[in-house]
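Structure first, then comments.
No lab work stands behind these numbers, since they all come straight from the coordinates. Note that the coordinates shown come from a computational prediction; the quantities given were computed from them, not determined experimentally. Glycine gets a Cβ as well: all are built from the backbone with ideal geometry, and neighbour counts include every protein chain shown.
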Amino acid sequence: MTGLPTRAETTEIRERLGELRRERKQLQDAVAEARTELADDPSQGNSRRLAQAVNAVEAINSQIGDLEAEQQRMLAGMAAHGVGGSMMPGAGLAQSFGEPQFASEMRQLATSSAPIPHRQLMEISAVDVAAWTGRRLAQGAMPGVVTPSPSMDYASRVVPLPTAPPRFLDVVPSQVLDQPGVVPYAAEVSVEGGPAPVEPEEVKSEIGIEYEDREATPTTIAGHTKVSRIWLSDFDQLEQAVRGRLLDLTRNELERQVLSGDGDVSDRTGRPGLVGLLNTDGVQDVAAGGSDPTDVLDGILRGRVAVEAVGGRPNFCALSLDDWASLMAATTSGSGQYLADPFAFADGAQTVWGMTLVAAAGIEAGAAVVGDSTALTLLISEPAHVLAGTESDDLIRNRVTLLAEVRAALAVWVPAFLCLVSLA
């Protein structure tokens, strides 16, 4: 490759890689069919057909490898010179390409067919920006958004993607579970006394903190679907769409279990599994005193005060979808104005009494959870992922099984930093 890559060159490589990967999938299917035929009829002809199919796969793998290497060289050129080859205003992206970790991620993405997660990087022209986001964005009227100039022959800047409102799992800290099986931990259950001023040489005050032995046991949440192999071959984006949908459904169920799981199912026989916040011993509870919007807001405030009273710093409030919608639609009795500003979103998030407000699966109507997110940790044994394969009679029915699953446990370190608010 000489000089900096042009938009046409990078587009051509991506399209060619897509064609080769689709062709490789067909050849891999042919190999599988040849193996089946050889197993049923171990003749010389079937053996020759299998060898030819395997050689074809190896040849196309070589072509794909060459193109992927070309992609890496293009990324290296971008890293050295910046996307677009010039340091224009807002060209922090070029600096990011120069960072070793960022460049390493880009090299991995260049050689993978997996979707790009949480990476706002794309090649777009000024015409595309206008078509996708409207004239206002194309004219640079939206603050904080960088758009390409009309004189650019290919894209060299990044337009931030829209920020989705946070979900409950977005406010829950998580970490990788680096040990198998049950995780023992100590949960704070009570505090007596506290620090106090002390005279010189006097005995300092005693603080009695009581802990309780608890365990966090992973639970597997999984589901599968079957898709026609022909459909997957004919529609390029279908497998990616199905994978994304399965992951969304799996994460929704994980959110439901973190809030209201009863622990009846776990990965260890005889031990409770994922017990949600609403079923955790030691969580505080208060009553709103009514179901009117002002009562609901008052109850949420009471929950915040209850958490602050024991030393917590509440930073989230989770409502059921129905209660969230009712609260958003509430109006004043006089002017009829909305109590909530429908357009008041800070970076995609809403707040109530200074806490992030989220609508969450797993909370029944008539309840809310207010809390300090440092009180709990979601322990991820296996992150949400999708596996594809054949099982049972899939092979003879010409279909593929896609399985999504996640393994996780929940540790609630300080239950009193969480409060269940009854809204009825």
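Within 10 Å of each residue's Cβ, count the other Cβ atoms and sort 57, 305 from fewest upward.
Ranking 57, 305 by Cβ neighbours within 10 Å, fewest first, gives 305, 57.
How would you order 368-375, 312-319 from highest to lowest mean count of nearby Cβ atoms within 10 Å? Could the numbers behind the result be given before it?
Numbers: 368-375: 24.4, 312-319: 22.6.
Output ranking for 368-375, 312-319: 368-375, 312-319.
Please give me, ordered by residue number, the GluC sites (Glu not before Pro) of the stretch 164-217 that lie in loop per DSSP and have at most 13 other Cβ atoms within 10 Å. Before the final figure, lay out each step's value.
Working: sites: 188, 192, 201, 202, 206, 210, 212, 215; in loops: 201, 202, 206.
Counting only loop positions with at most 13 other Cβ atoms within 10 Å, the GluC sites (Glu not before Pro) in the stretch 164-217 are 201, 202, 206.
Listed highest first by mean packing, meaning other Cβ atoms within 10 Å per residue, what order do 402-408, 266-272 come in?
402-408, 266-272
Chymotrypsin sites (Phe, Trp or Tyr not before Pro) within the stretch 195-246: which are DSSP loop residues with at most 15 other Cβ atoms inside 10 Å?
235
Counting only C-alpha contacts under 8 Å and six or more residues apart, can you give the relative contact order of the stretch 219-422 as a whole percent?
33 percent
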